[in-house]
1. If I take every Cα pair under 8 Å that is 6 or more residues apart in the chain, average their sequence separation and divide by the length, what percent do I get for the relative contact order?
2. Tell me the net charge near VAL257. Cut-off is 12 Å between Cβ atoms, VAL257 excluded, with +1 for each Lys or Arg and -1 for each Asp or Glu.
3. Under a crude label model (7 Å from the Cα following the beta-carbon direction), how far is SER254 from ALA43 in nanometres?
4. Based on the Cβ-Cβ distance from MET334 to SER397, what FRET efficiency comes out when R0 is 51 Å, to the nearest 0.05?
5. Estimate the FRET efficiency between ASN434 and ASN404 by the formula 1/(1 + (r/R0)^6), using the beta-carbon distance for r and 45 Å for R0, to the nearest 0.05.
6. From the backbone phi of segment 198-212, what are the Karplus-calculated ³J(HN,Hα) couplings (6.51 cos²θ - 1.76 cosθ + 1.60, θ = phi - 60°) in whole Hz, Gly and Pro given as x?
7. To the nearest 20 debye, what is the magnitude of the charge dipole of the chain about its Cα centre, counting +1 on the Cβ of each Lys and Arg and -1 on the Cβ of each Asp and Glu?
8. Which of the peptides 459-470, 87-98, 482-493 is most tightly packed, and how do the rest follow, going by the mean number of other Cβ atoms within 10 Å of each residue?
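The values are calculated or read from the model by the stated rules, or taken from the named source; none is laboratory data. The structure presented is a predicted model; accordingly, all values stated were derived computationally and were not measured. Using ideal geometry, Cβ is built from the backbone for each residue, glycine included, and neighbour counts are taken over all protein chains shown. Protein only, heavy atoms only, side chains kept; ligands, DNA and RNA dropped before computing areas. Shrake-Rupley method; radii C 1.70, N 1.55, O 1.52, S 1.80 Å.
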Amino acid sequence: MFKGQDMRTVTKLFFALILLAGLSGAASAQITKAAPPASEVEAAIEVILDGTERLPLPLERIRPALIAHYIRDQGPVYWVGTGRMNTFLQRLADAADDGLNPADYPIDALIELRDTVEPGDAEDAAAAELFFTAFYVNYATDLKIGRLTPQKVDPRLYRSRKTVDILSILTEFPKQNDPNAFLAAFESHNPHYQALKKMLALYRAMAESVKWPAIDPGGNVNPGESDPRIPAIRQRLILTGDHPGGGEGDEYDSTTVLAVRSFQLRHGLEAKGIIGKQTVIALNIPPADRARQITLNMERWRWMPENLGEHHFMVNLAAFELQEVEKQEMVERMDVVVGAVATQTPEFSDDMEYVEINPTWTVPYSIATKEMLPKLRRSSSAYAGDFEVFMNGKLASWGGINWNAYGPGNFPFTFRQKPGPKNALGKVKFMLPNPYNIYLHDTPSKDKFLATTRAFSHGCIRLSRPMDLAYHLVGEVAGWPKSKIDATFASGKTTRVSLPQHIPVHLIYATAFEGDGGSLEFRPDIYGRDRKLDAALGGRPSS
């Protein structure tokens with residue numbers, strides 16, 4: 001009997017939401033007013049949810065779960081008349097503490113809904129109850145799995161959006177008297193995420209309390225030289241925690257040199273202690289921008305599996321580093337080379353299944369047609385010494401092919417490089433079979449590891465110490481004696497060694513993370529993925 005009136009009420013309140021959404025007013029405290037009896041609110045909720053008309057979007061998108069909870073399971077009224085609305089409103093106002101944006105939640109509209117509840121108005125109370133529940137589910141979901149679908153941010157993010165059981169949220173949260181306590185269970189307990197949350201609090205506090213005037217670019221400053229910018233640089237390094245304090249004057253003294261090197265190491269810069277352009281740029285990035293960078297990385301960790309695996313590998317593409325972790329302890333780390341900006345390494349998780357000693361290399365189609373074909377047109381035997389050629393899957397002869405007759409779109413050939421010292425994969429590769437044809441491997445191009453920014457490959461991960469990893473996995477994990485491993489390498493024969501247990505490998509892009517000894521580390525956005533994610537979170541185009 002209330003259907004028409006109820007829907008007008010809900011629509012009126014929803015228009016209030018639309019008009020006020022995006023405003024970030026404080027969640028002003030209010031003494032809890034008397035509310036209609038719970039039985040009347042429950043009856044009004046049932047009328048709203050059982051209606052045939054489409055509900056406002058925040059309710060419609062979770063309508064089946066709301067019906068199951070409030071009607072089928074007779075879930076109790078949780079918000080109206082309990083004071084919990086104020087607690088949740090304050091959590092929304094403090095969303096930045098969680099690495100989320102308070103402006104993404106209609107705080108003022110929810111305050112308006114709270115304040116419309118009167119003792120004799122069960123319909124408004126029911127609408128308020130439903131909207132608070134809907135946005136509570138929204139916030140819990142944002143905390144648990146992130147706001148965005150990874151591949152909608154960047155097609156190179158091969159992570160499926162995780163899911164949340166909404167009915168489970170609705171079933172469980174009424175059992176918790178404090179809504180914030182229940183939300184704590186939705187936050188990632190991954191130590192990487194928790195470290196970022198601590199970093200975020202520090203940089204937000206710094207942004208609010210510390211002035212950050214720009215340091216002039218100027219020229220390079222070498223240790224022992226004098227420069228009028230040194231006092232400002234010294235003070236900046238004290239603020240960043242790299243300088244112990246003390247010292248004065250324009251001389252670039254030894255204590256400040258050590259502080260600059262510490263800062264450079266933490267920011268992925270060449271750590272020679274020379275104050276150059278890139279160091280000054282990094283010193284000038286204000287704490288508010290660093291806090292934003294941290295929130296972007298928190299979003300990425302929400303996309304990740306909660307359990308990375310008791311034994312796992314993690315490759316940070318932005319830091320050019322591989323880490324091996326066992327029982328939450330890092331047991332190995334090494335420098336890596338990742339994809340160049342034009343051939344970026346994607347982000348995904350998969351399992352390492354086997355190690356291949358003396359591998360062959362099957363040349364990707366793009367390399368074969370764009371890089372090798374032009375040389376073959378000039379000399380049909382250009383690659384005859386190290387490569388085999390297959391035409392439509394059958395071994396062919398290099399000399400019998402007119403390469404000028406073929407090109408992209410008309411290229412029935414596959415090139416395979418034989419094992420040997422020139423092989424692009426070196427002596428060993430580590431396979432995590434995946435649709436993206438990405439794996440870890442040795443390389444004959446050792447000079448690339450001398451660079452600070454190591455983005456040179458066609459997408460695969462080159463390891464600085466692949467033989468160490470091979471002896472560890474084939475020997476310690478797969479159980480081969482060292483003499484057998486050495487003999488297999490010496491044979492030159494391609495040999496596959498299966499691992500007794502598959503080992504998870506996570507390719508991530510972390511531009512902010514906790515380093516050794518709890519240090520706060522940042523890396524440049526070499527692939528522009530921070531920029532794209534920031535734009536997507538702000539609802540802006542990324543180009």
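1. Reported relative contact order: 14 percent.
2. Net local charge, VAL257 excluded: -1.
3. Reported label-point gap for SER254 and ALA43 is 8.5 nm.
4. Efficiency at R0 = 51 Å is approximately 0.80.
5. In this case the efficiency is close to 0.80.
6. Each residue of segment 198-212 in turn: 5, 4, 4, 4, 5, 6, 5, 5, 5, 4, 7, 10, 10, 7, 9 Hz.
7. 2560
8. 459-470, 87-98, 482-493
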